[in-house]
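Trainee: I have a structure I would like to understand better, so I am pasting it below and will then ask my questions one at a time.
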Amino acid sequence: MQAILRGGNRVLISRSTNVYTNLALERYLAENIKHEDKTRLLILWRNKPCVVIGRYQNPFAESDVSYLAENQIDLARRYSGGGTCYHDLGNLNMTILTARNGYNRKKNLQWVVNTLNQAYDLNLHITERDDIFLDKYKVTGSASRLERLYAYHHFTLLINADLNYLRRTLKSPDQSNIQSKATMSVRSSVLNLSDRNPKITYEKTLELLIKSFLQWNNESNMSNYHYIDPLLYEEQMKSFESELKSEKFLFQSTPPFVYAIKTGAQTIEITVDNGLITDIKGNDSISENKLCRGQLFHSVHNQIQQLKTTNDLSV
């Protein structure tokens, strides 16, 4: 146990492909590791197909929640802010964990850009939003969590992801119906690195980044990387993983919103706060349906979608 919590410049590679497990591992390490000034821990991980929203986002505005459920694609809310992303085994996730005073997004991204440009003869560049683009296409998105003693910056890298799945899962049928102050993702055209250079693979890139990271941090021990099985630390991580999987965190943490539906000359407005329907206006027969008040919005989402065509709310 103590081995993964020691400080210093090193790399950990997760053997799990479960999004909740990997996000829990990330938070567990951040909360418990012995942070040392001027050192960095790199965590490398990937997940089976899933959609991950930012801490302050609305899942219904960012993804097709019904499609995800029907196709058994996990939906997760992470602890950091930022926008929504799609993960699968062709996407590499990187987390750089430091003491709070060591946080520097630009330096982290510049390391990645320099490494990949040199190794693969690419022309990657960093945007003002701290994304990495290849020409006009986005290949990396960033998010961070900053606390008093630590900070972590995590970002994706599209190597060989299923871009058709990415576009389909992030195509929300509800986005135009939602009025909210929740953080909205900034949509961009995306590209896999392997689409530009077929020789680029997940395995090759993993090896490249491990070596480059240790060199960047002047680490003399080039074998200072370890594959870890997060299940060995299940007991220590369970509070974080349980929270990540909970309906309370995923749905009831959604910022307040109004779901508006136009039916003929009328507009029905459903007010949602802490994930609960608190009010319905715009149609007497629906407004008087007190059964839906106090219901969790996500539990009656399919019925609410029917309002677009049937003008009937049967809960």
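The values are calculated or read from the model by the stated rules, or taken from the named source; none is laboratory data. A quick note: this is a predicted structure, and the numbers were derived from the prediction, not measured. Here Cβ is always computed from backbone atoms with ideal geometry, including for glycine, and neighbour counts include all displayed protein chains.
Trainee: State which residue is farthest from Ala61 (Cα to Cα) when the search covers only the stretch 163-180 and only residues that are in contact with a Leu (Cβ under 9 Å, 6 or more places away or on another chain) and surrounded by fewer than 22 Cβ atoms within 10 Å (Cβ to Cβ).
Mentor: The extreme case among them is Leu163.
Trainee: Taking only the stretch 77-97 into account, find how many residues are closer than 23 Å to Tyr28 by Cβ and assigned to a strand (DSSP E or B).
Mentor: Selection size over the stretch 77-97: 10.
Trainee: While we're on this one: So, in the stretch 77-87, how many residues would count as being touching a helix residue (DSSP H, G or I) at 6+ places or on another chain (Cβ under 7 Å) and either within 25 Å of Leu209 (Cα to Cα) or at pLDDT below 95 (or both)?
Mentor: Count: 5.
Trainee: Could I ask something else about it? Give, as residue ranges, the helices (runs of 4 or more DSSP H) completely inside the stretch 1-76 that count at least 2 residues that are closer than 25 Å to Tyr150 by Cβ, modelled with pLDDT under 95 and among the hydrophobic types (A, V, I, L, M, F, W, C).
Mentor: Numbers: elements: 2-5, 19-32, 59-62, 65-70.
Because the criterion is at least 2 residues that are closer than 25 Å to Tyr150 by Cβ, modelled with pLDDT under 95 and among the hydrophobic types (A, V, I, L, M, F, W, C), the helices (runs of 4 or more DSSP H) in the stretch 1-76 that meet it are 2-5.
Trainee: Can you name the residue in the stretch 55-96 that is among the small types (Gly, Ala, Ser) and more than 30 Å from Glu207 (Cβ to Cβ) and is also surrounded by the most Cβ atoms within 10 Å (Cβ to Cβ) among such residues?
Mentor: Ser63
Trainee: Taking the stated definitions as given, is Glu62 over 30 Å from Gln215 (Cβ atoms) and out of contact with any Pro (no Cβ under 7 Å at 6 or more places or on another chain)?
Mentor: For Glu62, the condition - over 30 Å from Gln215 (Cβ atoms) and out of contact with any Pro (no Cβ under 7 Å at 6 or more places or on another chain) - is met.
Trainee: Still on this model: Mind counting the residues in the stretch 104-139 that are aromatic (Phe, Trp, Tyr) and assigned to a helix (DSSP H, G or I)?
Mentor: So the count comes out to 2.
Okay, residues lined up against (1) surrounded by fewer than 13 Cβ atoms within 10 Å (Cβ to Cβ); (2) at negative phi; (3) outside any strand (DSSP E or B):
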site	(1), (2), (3)
His226	yes, yes, no
Tyr233	no, yes, yes
Gln236	no, yes, yes
Phe240	no, yes, yes
Leu244	no, yes, yes
Lys248	yes, yes, yes
Val258	no, yes, no
Ile268	no, yes, no
Thr271	no, yes, no
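Trainee: Here's a follow-up. Taking the stretch 165-208, which residues are hydrophobic (A, V, I, L, M, F, W, C) and either in contact (Cβ under 8 Å) with a residue 60 or more places away in the chain or in a helix (DSSP H, G or I) (or both)? I'd like the intermediate steps shown before the answer.
Mentor: Applying the first criterion (hydrophobic (A, V, I, L, M, F, W, C)) to the stretch 165-208 yields 166, 170, 178, 182, 184, 186, 190-191, 193, 200, 206, 208.
Matches in the stretch 165-208: Leu166, Leu170, Ile178, Ala182, Met184, Val186, Leu193, Ile200, Leu206, Leu208.
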